[in-house]
Amino acid sequence: MYSINTVEIRKAEGFERYRVMQPYTKELLLEAEWEGWLGGPQSAYIEFWVIDDEKHVKWDTNWYAGLLYQGNAENPIKHYYPSALGASLAGHDAKSLFIQDKVVRLRPAIYIDGLGGWQNSDNFSYISLPGGPNLNDIL
């Protein structure tokens, strides 16, 4: 496993809506051996919210990690909310949820528009909210 990035997390007042600020750093991407793929758009934050009593979460359409498929500027890698990419992926939406108190698991559909991607692979991102456990202790 690679390092776990320390991030600022903001919560909306009165709502279970969160923003993970600056989720990706160049150092983290380099550690994960993405050197030749660095570049392109990078989201300033990932925003998600709770959508039901079972604590499933959702985000708007997609976010960017700052990676280009094979380093090609024409091919930014996007992390979609699965059903936003296609109705056939809606079954993966339910995999994005709180897995324990203050720990969220996001299951994006990783995709390069016009080429394809890893939309059917379970590549998870984990977030420990303020007051939550150290992810190094539970992953």
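What's the FRET efficiency of A73 with S3 using the Cβ-Cβ distance as r and R₀ = 30 Å, to the nearest 0.05?
Between A73 and S3 the formula returns 0.65.
For the range 8-138, go through all pairs of different Cα atoms, get the mean of 1/r, take its inverse, and jot down that Kirkwood value in Å.
Computed over the range 8-138, the radius equals 15.4 Å.
Taking other Cβ within 10 Å of each residue's Cβ, how do F98, F15 sort, fewest first?
F15, F98
In nm, to one decimal, how far is the L30 label point from the A90 one, both placed 7 Å along Cα→Cβ?
A separation of 4.4 nm, rounded to one decimal place.
Based on DSSP H runs of at least 4 residues, each adding -39500 (n - 2.57), what is the mean residue ellipticity at 222 nm of the chain after dividing by all its residues, to the nearest 500 deg cm²/dmol?
-2000 deg cm²/dmol
Does a label point 7 Å from the Cα of L139, set along Cα-to-beta-carbon, have any residues of the range 81-114 with amide nitrogen under 17 Å, and which are they?
Only 96-110 fall inside the zone, counting backbone N under 17 Å.
Rule-based calculations on the coordinates, nothing more; no lab input. Please read these numbers as outputs of a predicted model, since none were measured by experiment. All Cβ positions, even for glycine, are placed from backbone atoms using ideal geometry, and neighbour counts span all protein chains on display.
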